[in-house]
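The values are calculated or read from the model by the stated rules, or taken from the named source; none is laboratory data. Since this is a predicted model, take the numbers as computed values, not measurements. For neighbour counting, all protein chains shown are included, and Cβ atoms are generated from backbone atoms with ideal geometry for every residue, glycine included. Heavy atoms of the whole protein, side chains included, go into the accessibility calculation; ligands, DNA and RNA do not. Shrake-Rupley method; radii C 1.70, N 1.55, O 1.52, S 1.80 Å.
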Amino acid sequence: MANAQIRKESFSKRRPILAVVIIELLLLFAVFAAGAVATIKQLDYTSPVLLSFTPIAIVLIIYLTLRRKWGEIGFRSLRTIPAEQTKYYIPLILVLGTIALKGFGELTLSKVIFFIFFTLLVAFVEETIYRGLIFNILLRKSATTAVLTSSILFSITHIMNALSGQNMADIALQLIYALLIGAVLALLMLKNGNIIPLVLFHFVHNLIQFLGDDLQDTGTLPYDIFVIVVLVGYCVWLTYSVRTQRHSIDSSNTSQPMNR
């Protein structure tokens, strides 16, 4: 009976670490392979993401639908978030507002429509993989492991931007930024278990960046530093809140009499 039960368990439950490694390696392989194709064919800078993320999105949709895992990884109604918990999403608006202050480039209808699709694709794939699949797989190990590992892997994945000709200082700043964003979103996922606000933030965040002025301009550095400071404080606040919430739940469970 025990052996039969083990066989029924999914691979991710039996080998969570290996499952996460496989997911990350497959994603990196897809992105780098698409980047190589785009370089050889001299396609534009959005092509590697389109070539890799489009089939990944299709596979994710089919997998989550057939296995009925949408709700399990966090795709739930926004009404499941308690009203008193909405305050924890307010700093995300501050981050978006600060990024928007950098200004916007020349906008055309076709450009806006393209980047709406493009950033929705990126937001769905990255959030589903990192704050959905990877986070939930590692949550069986521990909350700390889930938050830290998913955030680190999210940051490492953004090393692909090194191929776009950025200098080391810009790459380091972007990796730190991605790590902090990943930590904030993972902590929010840990707190409320709803991935929808994270997808929406990721979508709007990237849309503002792609429609913005040249982000390589050194004049944007103060904005970047301010956002990083906000994200550090945000992580501290969320960590304290999550620990307090979990301690309160544990204390409540301990105080309840056992059913006999």
Per the list (1) within 18 Å of the chain's Cα centre (by Cα); (2) part of a loop (DSSP other than H, G, I, E, B); (3) more than 28 Å from GLY233 (Cβ to Cβ), residue check on ILE61 breaks on (2)
task: Look at LYS111 and say whether it is among the charged types (D, E, K, R), assigned to a helix (DSSP H, G or I) and modelled with pLDDT under 95.
output: yes
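For region 149-260, list the helices (runs of 4 or more DSSP H) that sit wholly inside it and hold at least 2 residues that are of a type in the set (Gly, Ala, Ser), under 29 Å from GLN42 (Cβ atoms) and at pLDDT below 95; which are they?
Answer list for region 149-260: 168-192.
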Restricting region 36-54 to residues that are assigned to a helix (DSSP H, G or I) and more than 17 Å from GLU126 (Cα to Cα), the one most open to solvent (accessible area, probe 1.4 Å) turns out to be ILE40
If you go through GLU72, GLU106, GLU84, GLU126, the only one that is acidic (Asp, Glu) and buried (at least 18 other Cβ atoms within 10 Å of the Cβ) is GLU126
Within region 90-103, the residues that are in contact (Cβ under 8 Å) with a residue 24 or more places away in the chain, open to solvent by 20 Å² or more (accessible area, probe 1.4 Å) and part of a helix (DSSP H, G or I) are PRO91, LEU94, LEU96, ALA100
